[in-house]
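Down below is the structure, laid out as structure tokens.
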Amino acid sequence: MKLHTAAILLLFWLGIFTAHTVKGSTSVQAMGKFKCVNLSTSRLNIQNLVNYERQQTPINAIMFITARGIRICVSPDQKWVQTAIKTIDEKRAAKRK
């Protein structure tokens, strides 16, 4: 009877370990970087933007991240984009002080 109980416990712990390992590797894959493949032509409200990332491949772009976590890719050559980047950088600097 003791051998039967030990075997059940071993299978239980092995199952938990396997589920934890699979779950961990899946979440790591989901955390991959987002890449811009299309650019929005719309001008965004700068007040809704909280962060940005520069990207050069597969296309040259700026990925803005809104307060809701939405990622929008735009061309870095537009004047309003440069203004938005400067505004975000100034907000970051003000928070550090």
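Inspection of the stretch 33-51 identifies no residue that is in a strand (DSSP E or B), in the same structural domain as ASP89 (by TED's automatic domain parsing), closer than 18 Å to GLU90 by Cβ and without any contact (Cβ under 8 Å) to a residue 24 or more places away in the chain.
For the stretch 75-97, the set of residues classified as among the aliphatic types (A, V, I, L, M) and free of Cβ contacts under 8 Å to residues at least 12 places away in the same chain consists of ALA93, ALA94, listed by residue number.
Scanning the stretch 61-97 for residues being surrounded by fewer than 13 Cβ atoms within 10 Å (Cβ to Cβ), closer than 13 Å to ASN51 by Cα and among the aliphatic types (A, V, I, L, M) gives a total of 3. So, in the stretch 58-97, of the ones that are in a helix (DSSP H, G or I) and β-branched (Val, Ile, Thr), which residue ends up nearest to LEU39 (Cα to Cα)? Applying the filter and picking the extreme gives VAL81.
The values are calculated or read from the model by the stated rules, or taken from the named source; none is laboratory data. Owing to the predicted nature of the structure, the values given are computational and were not obtained by experimental measurement. Methodologically, a virtual Cβ is constructed for each residue, glycine included, from the backbone with ideal geometry; neighbour enumeration extends over all protein chains shown.
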